[in-house]
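The values are calculated or read from the model by the stated rules, or taken from the named source; none is laboratory data. Remember, it's a predicted structure, so these values are computed and weren't measured experimentally. Cβ sites come from the backbone with ideal geometry, for glycine too, and all protein chains shown count toward neighbours.
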Amino acid sequence: MSATPSPLSVHWRKFLFAGLAALAVVWFFAAQSAGHDDHRGPLALVVGALFWVSTLIGLLMLTMITRVFDAGWAPVIRRTWELVLPALPIVLLLSIVPMALIPKFRHLLWEWTNADHILPSGHTVAADPILTAKSWFLNETFFLARIAYYVVFFSALIWALRRPSFAQDTDRTASHTHRLHAISAAGIPVAAVSLTMLAFDCLMALSYHWFSTMYGVWFFALSIRLALAFTVIATYRLSQGGWLDGILNQAHRHVLGCLMLAFTVFWAYISFSQYFLIYTANIPEETYWYNIREFDPLTGSKNQWWGVSMYLVFGFFLLPFLTLLFYRTKIVAGRLLAVASLIFVGGLVDLWFNTVPRQITAAGTPEGFVVSPFLTPYLAVDVLAVLGFGAIVVALLLRASGRHETIPVHDPRILESINYHE
Amino acid sequence: MNERNERIHGVACTFRQPADVFRAAEQVRDAGWTKWDVHTPFPIHGMDQAMGLPRSPVPRLTLLGGVTGFVTGCLLTWYTNAFDYPLVVGGKPFWSVIFPFPVLYECTILFAAFGTFFGQFIFNRLPRHHHPLFDLPQFARVSDDTFMIVLEASDPRFHVDESRNFLQSLGGSEITIVRD
C-alpha cells in the first residue's frame, strides 16, 4: 500500500462504471447488428479493443526494452506502465475472447469459420481452395487455442514483470533489477512472436485470403506509437496534480518526443514497404486488399477509403514527422501533447483502415462484391468502444496507483531517472 | 583591437573542481562574453546553459540536405525513367512517387547525412591542424583532471589586463596569456 495515495486514485470507480456502461451500449449495438447478419457492429468491439490491446502491448514492449537497455530515464515513467499493464488481458477478456467463443460473432467477423458463407466467387468457404491450403493454421480449434494462449501468455509475462518490481519497493534489493533484466531479455522475442500471431488472428484473419509477412511488424510499430502517445498524454496529466507532479521534466519529454519521431518514421517505413512490395509484385491475391481500399468495384473510381489512406499518409505520418523534427516540439509540453493526440487519433484511423473494408458478397454486381463504406453511423460506436475500453484501462491504472508505490522508490536508477538530463 | 593583441589568442586559466568552473562559466556568460570557451575532461550536465550556448545550427543543414536529396532523387528518377528514355516496367506509370520511393528515400538520407557531416565540419571550423592552446603545458591536463576557461582576444570585451583580473576574480589559477 502506497504511503500517500495519489488524489487521482480515488476516481477509479467512476471510470470503471463509465467504461462498463459504454461497453454495455457497444455490446448492445454489436448484438443488434449481429442479429441482422451484419458484421459491422461486432467489428466496433474489435476496433475499440485492438486500439487498447495495441497500446498496452506497446507499453509492455517498452517496459521490457527499457529494462534490457538499462534506460536511465525510464524508471519513473516505467512504473506507470507497470501499473496499467494488467488491463491488457482484461480488455481481451471483454472483447476478443467472448467474440471468438460466441459462434454468431465468430462466424460474422472471421468468415473462414463459417463453412456456409458465400464468397464473391460464388463458392462457399468450405469449397475454398485457399482456405483448405491454410487450414492447418486457420481452423477453429487452433484459433480458439491461440486466443486463449494470448490471454494466458500476456498475463503471465505482465505478472513476471510486475512482481519483482513491486517487491523491490519493500525489500530494497538490487537483484530484482538483474532478474527483470533477464526476464525482459527472454520475454522480448516470445512477446514479439505472440503479438505477431495476435495481429494475424485479430486483424489479418478478418480478410483471410490476404497475407502479409510484415503485418506483425506493422502492428508492433503501431503499438509503440500508440504506447508513446498514451505515455505522453498520461504523464502530462499526471504531472498536473498526479503522482508525477514535480518529477516529470523537460528531458523526459525530449526522450519521449525523440522516440515518437523514430517510431513515426518506422511505422511509415513498414506501412509503405508492405504497400510497395505488393504494388511491385502485383499478385491478385495480395493487391485486392489495397484495391478495395482505393477503388469502388462498381465504378472503378476512388472510394471513401482512398481519403482515409491519404489521411494516413499526410495526417498520421507527414504532419507528426515534420512537427517532431523540431526540437521545441519535443520539449514544449503543449506541442508534444498536440502531436501525441494527433498520433492517438491516427492510430484509430489506421485500425479502421485495416479492419473495416471488406468484400461484401453481392450477386449480380460486376465483381461479385461491394466494399464496406467508411462513413457509417457505426463510426460513433467505434469511438464509443475506444472510449469505453479506455475508461476501463484508466480505471485499472488509478486503482493500481492506490495500491502500489507510484514511483519505484528503491530502483537503483531512480535518482538518475528523476535527475535525467538531455 | 590594439596592436599588442594581434599576436594574442586569449587568456586562459584553470580550475580544479567542476562546480568552480561551472559557476565561473555562468559569470563569464552574465558578463556578456561571446568569444570564449570551456574545456573539461568529461561532459558536464548543464554546461550548455551555464555558457549560454544556443542550439547547434547543424540540424538546419541536415534538413536542407534532406530536402535537396529528395528533390535530386525525384529529378534523377523522372529524368531517366520518364524523360530521357521512357520505359514501361511492369505496367507501372513512367513516373510516380511510388515505384522510385526507395531511391527518393535513400537520396534523402544520403544528402541529409552529407548536410550533417559537412555541417559539423563547417560550424566546428574543421579541418584544423593546430590550435594555439596546444602550446600551453597545462592544456594536456584538461583531458585528465583540470578544467579550463579561455577568453579569446576576438571578443570585443577583451583587454589583456582586465581579462586577467576578471579570471582572477572568478577564482581561476594558472592565468596565462595564450599567443597565436
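For (1) in contact with a Lys or Arg (Cβ under 6 Å, 6 or more places away or on another chain); (2) surrounded by 12 or more Cβ atoms within 10 Å (Cβ to Cβ); (3) away from every other protein chain (no Cβ under 13 Å); (4) acidic (Asp, Glu), each residue gets a yes or a no:
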| site | (1), (2), (3), (4) |
| --- | --- |
| B:Thr14 | no, yes, yes, no |
| B:Gln17 | no, no, yes, no |
| B:Val38 | no, yes, yes, no |
| B:Gly46 | no, yes, no, no |
| B:Arg55 | no, no, no, no |
| B:Leu64 | no, yes, no, no |
Practice item. Could you tell me which of the residues B:Ser169, B:Ser154 is surrounded by fewer than 18 Cβ atoms within 10 Å (Cβ to Cβ), more than 24 Å from B:Pro43 (Cα to Cα) and either in contact with a His (Cβ under 7 Å, 6 or more places away or on another chain) or in contact (Cβ under 8 Å) with a residue 60 or more places away in the chain (or both)? Key: B:Ser154
Review point. So, in the range A:302-351, of the ones that are loosely packed, with under 15 Cβ neighbours inside 10 Å and of a type in the set (D, E, K, R), which residue ends up nearest to A:Val371 (Cα to Cα)?
Key: A:Lys302
Review point. Of the residues that sit in the range A:258-285 and are away from every other protein chain (no Cβ under 14 Å) and not hydrophobic (A, V, I, L, M, F, W, C), which one is farthest from A:Gly216 (Cα to Cα)?
Key: A:Glu285
Exercise for review: Kindly provide the set of residues from the range B:94-136 that are in a loop (DSSP other than H, G, I, E, B) and either touching a Lys or Arg at 6+ places or on another chain (Cβ under 7 Å) or within 11 Å of chain A (Cβ to nearest Cβ) (or both), ordered by number.
Suggested key: B:Ser96, B:Val97, B:Ile98, B:Phe99, B:Pro100
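Looking at A:Leu161, A:Leu144, which one is aliphatic (A, V, I, L, M) and surrounded by 17 or more Cβ atoms within 10 Å (Cβ to Cβ)? Break it down stepwise before answering.
Working: A:Leu144 fails: surrounded by 17 or more Cβ atoms within 10 Å (Cβ to Cβ).
Result: A:Leu161 is the single residue among A:Leu161, A:Leu144 that is aliphatic (A, V, I, L, M) and surrounded by 17 or more Cβ atoms within 10 Å (Cβ to Cβ).
Filter the range B:137-178 for residues that are of a type in the set (Val, Ile, Thr) and assigned to a helix (DSSP H, G or I); which is farthest from B:Thr34 (Cα to Cα)? Full working, then the answer.
Of all residues in the range B:137-178, those of a type in the set (Val, Ile, Thr) come to B:142, B:146, B:149-150, B:160, B:175-178.
Filter once more, keeping what is assigned to a helix (DSSP H, G or I): B:142, B:160.
Numbers: B:Val142: 22, B:Val160: 16 Å.
Result: B:Val142.
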Revision key, fill the gap. Checked A:Leu312, A:Leu337, A:Leu319, A:Leu298 against criteria (modelled with pLDDT under 95 and either away from every other protein chain (no Cβ under 12 Å) or within 24 Å of the chain's Cα centre (by Cα) (or both)); the one match is A:Leu298
Point to revise | A:Asp70 being more than 24 Å from the chain's Cα centre (by Cα) and either under 30 Å from A:His254 (Cα atoms) or assigned to a helix (DSSP H, G or I) (or both) | key: yes
Check your understanding: B:Glu26 versus (1) within 25 Å of B:Asp155 (Cβ to Cβ); (2) within 14 Å of chain A (Cβ to nearest Cβ): which is the lone unmet condition?
Key -> (2)
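Restricting attention to the range B:27-44, does a residue exist that is out of contact with any Ser or Thr (no Cβ under 7 Å at 6 or more places or on another chain), of a type in the set (A, V, I, L, M), outside the structural domain of B:Asn165 (by TED's automatic domain parsing) and outside any loop (DSSP other than H, G, I, E, B)? Before you say what the answer is, go through the steps one by one.
Let us first name the residues in the range B:27-44 that are out of contact with any Ser or Thr (no Cβ under 7 Å at 6 or more places or on another chain), namely B:27-34, B:36-40, B:42-44.
So of that shortlist, the ones also of a type in the set (A, V, I, L, M) come out as B:28, B:31, B:38, B:44.
Cutting the leftovers down to outside the structural domain of B:Asn165 (by TED's automatic domain parsing) gives us none.
The answer is no, given that none of the residues of the range B:27-44 is out of contact with any Ser or Thr (no Cβ under 7 Å at 6 or more places or on another chain), of a type in the set (A, V, I, L, M), outside the structural domain of B:Asn165 (by TED's automatic domain parsing) and outside any loop (DSSP other than H, G, I, E, B).
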Check your understanding: Tell me, which residue of the range A:394-422 that is surrounded by fewer than 22 Cβ atoms within 10 Å (Cβ to Cβ) and among the β-branched types (Val, Ile, Thr) is nearest to the chain's Cα centre (by Cα)?
Key -> A:Ile407
